[in-house]
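Remarks on the structure that follows.
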């Protein structure tokens, strides 16, 4: 079975080695086989989710917490869709990459349900206390809902903290607002901070608390499936977008301008036909250089468009912008690669709340585009062939180019 997903740790390879060694047995020296089996997985620099959890709510900013929660749900949905029960889902088994994207790991206890089977029963209860479902502890019953219970405990710890038994939902919301206002990384005025909390974060936190409660109900049949959980998150995001709106104030009066491109002149010209108004997501494929870019946006008529990938293979690093999050800057490098004179070798994206990247190894001539006075980057154009040769941006204001 091939397991490959953005939120599942990547299996790189394995080593199987057998050596003959001399051992002493019953006074005689004999040859024996010494076998060694090693599995190799991708290395994730930010370690496990466990180190970010405390007695209080998760020590990370809320938009990172929400990204992690959604990523875990997506990864678990992928496993359940393949009839795999993880059976040891806990913060120690959630690893975080450079962009704080969660990846589920450690499948030592996992079970694969055969076709048509909905459950299995075991006499051996192995797992982590506090994350094991009641029916598994009591009767050894293993179903998809066993993982759902563990997921609910993880979400509760992230939103409320480990010592959260007596904490009300109102207290949790108040604590998150206080943290947001004190967070220097937000770099927003108090009025803007409260608007962000009331229009986006508050709804997300409430949805996650409700999901956590439903996931940890005692009866397995009362717990939601991963599909229902993802649907709840999608409905929450749709509700936020209906309040925030897909376009900036006075969008119809904004003049869209093109800046760039930066990079080489190889490949074919890439551009969009409709004038972009609001950027929703950016998808990157990268290794040593930038292999491809794709993105989705809304035009001035409110129509949604998906473009790309421009370049080689389709990307796996997808940046989903929050309803009130927007792109304010792009930086990167361009230079030679193999027999090519000039390609885009790295990219970093900066929004009003955080940065993503760098993607690629970053060798070559640097470039930087930064919007001013609450401006935003709303789309891209450029050149591509086997790789991304050049990139430019659409903005709704003038930009500072470096």
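The values are calculated or read from the model by the stated rules, or taken from the named source; none is laboratory data. Keep in mind that what you see is a predicted model, and the values were worked out from it rather than measured. Cβ: placed from backbone, ideal geometry, glycine included. Neighbour counts: every protein chain shown.
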task = Would you be able to say whether some residue in segment 107-128 is farther than 19 Å from residue 83 by Cα, outside any loop (DSSP other than H, G, I, E, B) and touching a strand residue (DSSP E or B) at 6+ places or on another chain (Cβ under 8 Å)?
result = no
ask   = Taking segment 8-33, which residues are more than 30 Å from residue 316 (Cα to Cα) and not in a strand (DSSP E or B)?
value = 26, 27
ask   = In segment 82-111, which residue that is surrounded by fewer than 17 Cβ atoms within 10 Å (Cβ to Cβ) and touching a residue at least 60 places away in the same chain (Cβ under 8 Å) is nearest to the chain's Cα centre (by Cα)?
value = 99
task = For segment 162-204, enumerate the residues that are part of a helix (DSSP H, G or I), at pLDDT 80 or above and loosely packed, with under 14 Cβ neighbours inside 10 Å.
result = 170, 171, 174, 178
request  = Pick out the one residue from 216, 247 that is modelled with pLDDT of 95 or more and over 20 Å from the mean Cα position of the chain (by Cα).
outcome  = 216
query = Out of the residues in segment 289-322 that are assigned to a loop (DSSP other than H, G, I, E, B) and surrounded by 15 or more Cβ atoms within 10 Å (Cβ to Cβ), which is farthest from the chain's Cα centre (by Cα)?
reply = 300
key: Looking only at segment 39-56, and only at residues there that are at pLDDT 85 or above and assigned to a strand (DSSP E or B), the one that is surrounded by the most Cβ atoms within 10 Å (Cβ to Cβ)   = 48
ask   = Which ones in segment 210-232 are surrounded by fewer than 19 Cβ atoms within 10 Å (Cβ to Cβ), assigned to a helix (DSSP H, G or I) and in contact (Cβ under 8 Å) with a residue 12 or more places away in the chain?
value = 210, 213, 214, 220, 221, 227, 230, 232
